[in-house]
Amino acid sequence: MVDLAGAHLVDLDVMSPEEALTLFTKIVGEERVATEREAAMDVVAACGFLPLAIRIAASRLAARRTWTVSVLAAKLADERRRLDELRAGDLAVKATFELGYGQLEPAQARAFRLLGPPDGPDISLAAAAAVLDLSAEDTEDLLESLVDTSLLESAAPGRYRFHDLVRLYARACAERDEWPLREREAAIARLLDFYLATAAGVYRIERPGDRLVDHLEAADHPGLTFQDRYAARDWLYSEARSLLAAIQQAPSEGELRKGIDLLLVVRDLAESGSDANRYESVATALLDAATARGDARAEARVRGILAFVHSLTDRFEASDREARQAVQLGRATGDDWTTADALNDRGVIAVYQKRHEDGENHLTQAIEHYQALGDRSGEAGAAASEQLLQALTVFRDSRQRLWEGMCLFRLAEVDLAARRPAQAAANAETALAILRGIGGEWRRANVLTVLGRALAAIGQQGRAHVMWQEARTVFEELGSPEAESVRTLLDTNAYSMA
């Protein structure tokens, strides 16, 4: 009724969980709900806290005295049957949705159907344009028209989402009305292409010179471009949940390798804290898919990803086990980049476990593979790690604490360059502890600066800000020129925190 002159529009959101439970209880009865409160909450959640759906579900239960609340919850747990279960007499949630869907123009109906299959909690305008294979302008017009019909919600400017039950209906429509099947598959493929191309661009901005982007599956979409690394990083974290959902969906859509490569270039999410567990669970799901399909190349890459994930939380034995298998599979499939990267991981892990001879052997092999690939960045990182770790052992054995601390500081710098910010933070913090009281304030301020960079890279901007403030104070008191670069870091960090 947006065209009704003089009307005052009021948006009615779904019920809160407690309101939904109250409505359900009034229909079903206090006694039945009191003994199965958790199951009752599962029911109203499955209803998406939508009053009509709750009323229907409660009415079905009230009419069936032999059912428990748990029986109803189990029936609604199956997403593919949920809409069919939400029917009681003449009331049906699906019928309400059918009424709105039947009034859509063909282009609107196509957009409604194709936006249903992606699994993310919401979708950006740019991602939706990729799904629909339309311009951003045409896509926005279609999506806003669906918002006007209440079949789509505007989560925020430029972002859209379905109510849970509407999404299920959109998927049912896609299966029923979108023909041939390859059009639905093509829509998901376009979304993955968009994410892969854009995320690869973010990776390239964050790590200039890193050659990983030269060894990815080809993407047909050009992806988004960004003015600076801060805008690129903002995009990555704002898209994290939807992007990881798309990756987990990739195997079922025949896009396993593309999903794994996308997971590779969003490694920053594994170090961000809030997204780390989700990242690992997605990687594990992709490993299961790769082994089930017998795709050794895909398995090699995802095992390399898991080696990286385990190393972030000091699970070095598990990390080395995955890296070892990644090396074997990488060699068997001719994936030289995966082989080099996994050998580098094995070398670093070995030295951390004080297996210095093994570490030198793995790092030397990694250097040889990087050289064969012409990957100067990877080669430099492995050559620097090898030399610094050897020096660290010597200084520890000779109890030269100053130079032990400085080796750890330099290792932190190498870790940052080699996209291991969590390990960089650990090394910098250890260096800071060792150098307390020795080495002078200038060295300590340099360690603080690197520690701040590592913390910022893993999403701990607040702690990074504290480190940089302390480093700036020291540099200013010493009259050191490094004060200016730290001031720049502080200004930039303030921008990203805003």
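Read the figures in this text as sums done on the coordinates, not as results from a lab. Keep in mind that what you see is a predicted model, and the values were worked out from it rather than measured. Every residue, glycine as well, gets a Cβ built from its backbone with ideal geometry; the counts of neighbours run over all protein chains shown.
A few remarks follow.
- Evaluating 6.51 cos²θ - 1.76 cosθ + 1.60 at θ = phi - 60° for every residue in region 106-116, the Karplus couplings come out as x, 5, 5, 5, 4, 4, 4, 5, 6, 7, x Hz, glycine and proline recorded as x.
- The local environment of Glu271, defined by Cβ-Cβ distances under 10 Å, has a net charge of +1 under the rule Lys, Arg +1 and Asp, Glu -1.
- Distance (nanometres) between label positions extended 7 Å along Cα→Cβ at Phe316 and Arg463: 2.0 nm
- Sequence-separation-based contact order of region 399-497, relative, with Cα cut under 8 Å and 6+ spacing, percent: 22 percent
- The local environment of Gln249, defined by Cβ-Cβ distances under 9 Å, has a net charge of -3 under the rule Lys, Arg +1 and Asp, Glu -1.
- With all projection directions averaged, the alpha carbon convex hull of region 264-327 covers 3.9 nm².
- Descending semi-axes in whole angstrom, ellipsoid equivalent of region 78-215, from the Cα gyration tensor: 32, 16, 14
- Where the Cα pairs of region 399-497 fall when distances are cut into 5 Å bins, in %: 3, 16, 25, 23, 21, 9, 2, 0, 0
- Potential extension, Thr393-Asp336 segment - 0.36 nm per residue separation minus Cα distance: 17.5 nm
- Once both labels are positioned 7 Å from their Cα atoms along Cα-to-Cβ, the gap between Arg87 and Asp214 label points is 5.9 nm.
- Kirkwood analysis of the Cα pair distances in region 1-86 returns a hydrodynamic radius of 13.6 Å.
- Short-range pairs are left out: with C-alpha atoms under 8 Å and at least six residues apart, the relative contact order of the chain is 7 percent.
- Tail beyond 17 Å, pair distance distribution of region 439-498 (Cα, percent): 29 percent
- Sorted from longest to shortest, the spans of the Cα atoms of the chain along the three principal axes equal 84, 54, 51 Å.
- Working value for region 102-179: equivalent-ellipsoid semi-axes of 17, 14, 12 Å, each the square root of 5 times a Cα gyration tensor eigenvalue, largest first.
- By the count of other C-beta atoms within 10 Å, a proxy for reagent exposure, Cys407, Cys173 are ordered fewest to most as Cys173, Cys407.
- In this simple spin-label approximation, Ser150 and Ala433 carry label points 7 Å from Cα along the Cα→Cβ vector, and these lie 6.0 nm apart.
- Helix 256-265 axis, angle to the chain major axis (alpha carbon atoms, nearest 10°): 50 degrees
- On the beta carbon distance between Glu30 and Glu137, with R0 = 51 Å, the FRET formula returns roughly 0.40.
- Between helix 401-417 and the chain: long-axis angle, C-alpha atoms, 0 to 90°, nearest 10: 40 degrees
- With contacts taken as Cα pairs under 8 Å and at least 6 residues apart, region 321-365 reaches a relative contact order of 32 percent.
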